[in-house]
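The values are calculated or read from the model by the stated rules, or taken from the named source; none is laboratory data. Only a predicted model underlies this, so the values are computations on that prediction, with no experimental measurement involved. Positions of Cβ are backbone-derived with ideal geometry, glycine not excepted, and every protein chain shown enters the neighbour counts. Side chains included, ligands, DNA and RNA excluded: accessible areas come from the protein's heavy atoms. Shrake-Rupley method; radii C 1.70, N 1.55, O 1.52, S 1.80 Å.
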Amino acid sequence: MKRRYDVLYAIGAVVSSPVLLFGLIRSGKWRTDWKGRFGKVPPLPADPRPTLLLHGVSVGEINATRELVARMGAPGSPPLRLVISATTNTGIDRARELYGDRYPVVRFPFDFSWMVRRFLDAVRPDLVALLELEVWPNLAQECRRRGIPLVVINGRLSDSSFGNYRWAKGLVRPMFRGLAAVAAQTEEYAQRFRDLGTPPERITVADTMKWDTGKLAGEVPGARELGEALGIDPERPLVVAGSTGPGEEELLLKGRPEGVQLLLVPRKPERFEEVARMVPGIVRRSQRPDGSGTSGADSTPGPQGGGGAPSDLFLLDTMGELTRAYGLADVAVVGRSFVPLGGSDPIEAIALGRPTVMGPHFDNFRAVVGAFQEGGGIRITPRPWEVITDLLERPDEARAMGERGREVIRRRQGATQRHAALLFRCLEERRGERPLEGDLPEGGKEGGSEGRTPRRRLRRWILPALGLYMVAGYLTTAFRRVEVQDTTAPTAPLPSMDGTLLSGVFSVHTDRSHDAVGTPEQVAEAAVSSGLDFVIVGDHPPDDRKPGWEFWEPRFLQGAFIEGGQELRAPDAGKVLAIAVDTTYRQWDGNLRSFVAMLLGEDATAFVVHGRGPRESERWIHPSVAGMRGWEVLDISEAARSRLRGPWSLYHLLTLAVGLPLGLGDEALLHLMRDGFDTPAAAAYDSLRMEGPLTATAGLNVHPKVPVGPFLFPSYGLFFRTLVCHAVASGPLPADPFEARGVLTDAFTTGNLFISAGRTRAAKGFRLAAMTDAMPAARPGAHQPALGRMSLRGGFAADPGARVVYRVLRGGKEVGWFLGPDLEWEVRFPGFYRVEVYTYSARVGNTFLRLRPWIFSNTLGLLGPGDGRR
């Protein structure tokens, strides 16, 4: 199918449009060259020389081309016309700054086939060279059709990129197989290109050209002027933190020693304002281009840790001056490495002889950092100020370290020459060749009538086909057939509540976790608006703690009880959500038994989370849950994954994408979770529950990632209305937070609890018990002997507001379906019983329209001889 990539891109654009729109508005990137992105580039004039299109995505890749462009255009080199392209706004700006006066600079288009054709018609390259990876299927296909060699230089495939490509190997293999040549940075990257289909004879290992971009100089032109403009004191030490990412500025601000100046250089310009707000009065380059203006020394100081006036803190909020900043540094810190963002390139700072410090997360630069580590030219640490202070106190060692790093660069230089030779060889092989006459429509333009007809046909059928797919997707989820039994009027009264019902949610992440942005106040606001009494936060501090992580004591915010739990990794078992644990660790040194002993010693309440979740590394793999008080039986991602992996996954993604901006996101989530109770996690819970008391909980695992004004995307409220736990406590929550924690954890321990999927307020009227002589004999969470003739009695204290049908299970196996509105079913055998409540819209015989899971009860353990033993 020639247009399969276009169809996939179109679907992806529709699905991701809400996220993309919010991101464009938030970052200001909607102000861009949309014509260029759509492939509308002014045609380049005819030129007898062969044309080389050199493409880099953004600033880093464009900077890496400087030595290569100099060699390709040097006097005496074979004649050629260079055209430079970039994808991002900052990349285009940097390319124009470096080459705009010498070479054409153009915007690289989106990878829709007609946009790529339009772009290639305008540029007419004889060779396309892509920096690092930027290979796209339609680009590769169109270059192959026109006979244009497509080459990857400075090639690398990061762990995440390689994993994604390998997952879609069937789609991308033709793209990699069609590459004319690959100059990989390392043998590891070369092997990854081979694994994805590039013929081995077309791959060479040429090292990275970035070794040649480092200027081995002690002084940087313009550095002194930059320091004077910012007001930096040359007599006091200066630390320059370059290419920093979220969370790293806080880390550096809090630990700064007295008297040490700090210059922050965020990697992305959209973060300049965010960093400036961290320290009111910080000196900003954009506001003092010539050294005039207010230093901000009298402003209110921000979070500085070590003290000092705000004039000790500087922000480089302009582009293209990082090298000058490094030229001023006594110690350089390379960012995006203290949080898991892959790291940044340290060569620029080390080439200037500056002692350089990085964090432990440098996956994207493993080979480069490894070479510096081997040569003693860099220091790696998760605690930067310890190393920086040591280097400032030992200037001789700092200078020696800088020289060792420069020596590594000297030994590794020469990759640019090898890349230039490869490109000249490819141009030589291409010389004299042109597209065959039949490759393009008549007149050499893609807009001929013959070229438009297939596209018109495709566009004519896309929307009808998508509409039919959506209708079929709805029908497959709308109807369900079950063998249902009619029920008679109950003889026993509905059991009373026997306590206070408290409603809340589990496993919520905030900005203490590196992959979320929410605050406790935003959690509390969403909880109150959703009618919740409590929220159990589950931030993960041990393995990937965010800088600035701190303990939370339980608190009441806006009337909601917020418990600051931790998501901990149990050794050789899986993950748990622990409440009232007052220590954190990076890795527990003992076994599971000692881990549980620690929890018991701290009087903690722990629940297994992600028990059978989508991520294999987080699943519970231990055969028992001894010492745990709960098991997460429903998780939104785990409950929905079967449908997201099936043929109707696109249908569900589209309903979510459309539902979210219309305020129907929670309805779309519930629609996706139609089979939410029939999950491996629920089956595992039924099995483990027979070994001893456990509480069934529902995990949201929600991580808001995008703030849009006062709103978060995705919002807490969206998930708080989807899966809710209802626990019967001894009474209302006391005003004291620690006493409230005790009441709540006691309620979890007794296990008189049920879960609702949507319709939270109506669910609060649900009642269930095992009855003997019209009196409650066992409630959910019980683990006690069966007492003579018993019946399961369930129903609602008020109108549930929907038609309901009950499903009864014994030992995790289905006993039967029973029509509501009430349930009374005789228990003939001992066992572990669970009741589920479903809602439906209409019924024809045993076929139900919109049969949806609603309520999941905790198990009633009615024990016979030999049952209930651990």
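What to note about this one:
- Among the residues of the range 387-436, those identified as within 39 Å of the chain's Cα centre (by Cα), open to solvent by 50 Å² or more (accessible area, probe 1.4 Å) and under 20 Å from V369 (Cα atoms) are E403, R404, E407, R410, R411, R412, Q413.
- Scope the range 92-114; condition open to solvent by less than 50 Å² (accessible area, probe 1.4 Å) and of a type in the set (D, E); matching residues: D111
- For the range 145-167, residues that are in a helix (DSSP H, G or I) and not small (G, A, S) total 8.
- Matching residues, the range 345-378, being closer than 18 Å to N154 by Cβ and open to solvent by 20 Å² or more (accessible area, probe 1.4 Å): D345, E348, F362, D363, N364, F365, R366, A367, G370
- Of the listed requirements (1) assigned to a strand (DSSP E or B); (2) touching a residue at least 24 places away in the same chain (Cβ under 8 Å); (3) within 26 Å of G692 (Cβ to Cβ); (4) open to solvent by 20 Å² or more (accessible area, probe 1.4 Å), Y833 misses just one: (4).
- Sole residue being open to solvent by less than 40 Å² (accessible area, probe 1.4 Å), closer than 20 Å to A64 by Cα and hydroxyl-bearing (S, T, Y), chosen from T204, T186: T186
- Residue identified as surrounded by fewer than 24 Cβ atoms within 10 Å (Cβ to Cβ), closer than 26 Å to E638 by Cα and without any contact (Cβ under 8 Å) to a residue 24 or more places away in the chain among T583, T519: T519
- Considering A325, A332, the condition of being assigned to a strand (DSSP E or B), within 22 Å of E250 (Cβ to Cβ) and touching a residue at least 60 places away in the same chain (Cβ under 8 Å) is satisfied by A332 alone.
- Only one entry in V182, V152, V205, V220 is closer than 20 Å to L54 by Cβ, of a type outside the set (F, W, Y) and out of contact with any Leu (no Cβ under 6 Å at 6 or more places or on another chain), namely V182.
- Considering the range 586-598, the residues that are open to solvent by 20 Å² or more (accessible area, probe 1.4 Å) and of a type in the set (A, V, I, L, M, F, W, C) include one that is farthest from R555 (Cα to Cα), namely L592.
- Subset of the range 250-283 [charged (D, E, K, R) and open to solvent by 30 Å² or more (accessible area, probe 1.4 Å)]: E250, K254, E258, R267, K268, E270, E273, E274, R277
- Members of the range 230-249 that are modelled with pLDDT of 90 or more and open to solvent by 10 Å² or more (accessible area, probe 1.4 Å): G231, I232, D233, P234, E235, R236, P237, S243
- Residue within the range 509-530 that is part of a loop (DSSP other than H, G, I, E, B), on the phi > 0 side of the Ramachandran plot and out of contact with any Leu (no Cβ under 6 Å at 6 or more places or on another chain) present: no
- Filtered residues of the range 847-869 (kept if open to solvent by 30 Å² or more (accessible area, probe 1.4 Å) and in contact with a Lys or Arg (Cβ under 8 Å, 6 or more places away or on another chain)): T847, L849
- Within the range 183-284, helices (runs of 4 or more DSSP H) holding 2 or more residues that are within 24 Å of F338 (Cβ to Cβ) and β-branched (V, I, T): none
- With a requirement of 2 or more residues that are more than 22 Å from S507 (Cβ to Cβ) and open to solvent by less than 30 Å² (accessible area, probe 1.4 Å), the helices (runs of 4 or more DSSP H) lying completely within the range 640-744 that satisfy it span 649-659.
- Qualifying residue in the range 599-607 (condition: open to solvent by 70 Å² or more (accessible area, probe 1.4 Å) and among the aliphatic types (A, V, I, L, M)): yes
- Members of the range 168-182 found to be among the aliphatic types (A, V, I, L, M) and either farther than 15 Å from L130 by Cβ or assigned to a helix (DSSP H, G or I) (or both), listed by number: A168, L171, V172, M175
- Inter-residue pairs, beta-carbon under 6 Å, first on the phi > 0 side of the Ramachandran plot and in a loop (DSSP other than H, G, I, E, B) and in the range 122-144, second at pLDDT below 90 and of a type in the set (K, R), 6+ apart: E132/R156
- For the range 209-229, the count of residues that are over 28 Å from G353 (Cβ atoms), exposed (fewer than 15 other Cβ atoms within 10 Å of the Cβ) and at pLDDT below 95 is zero.
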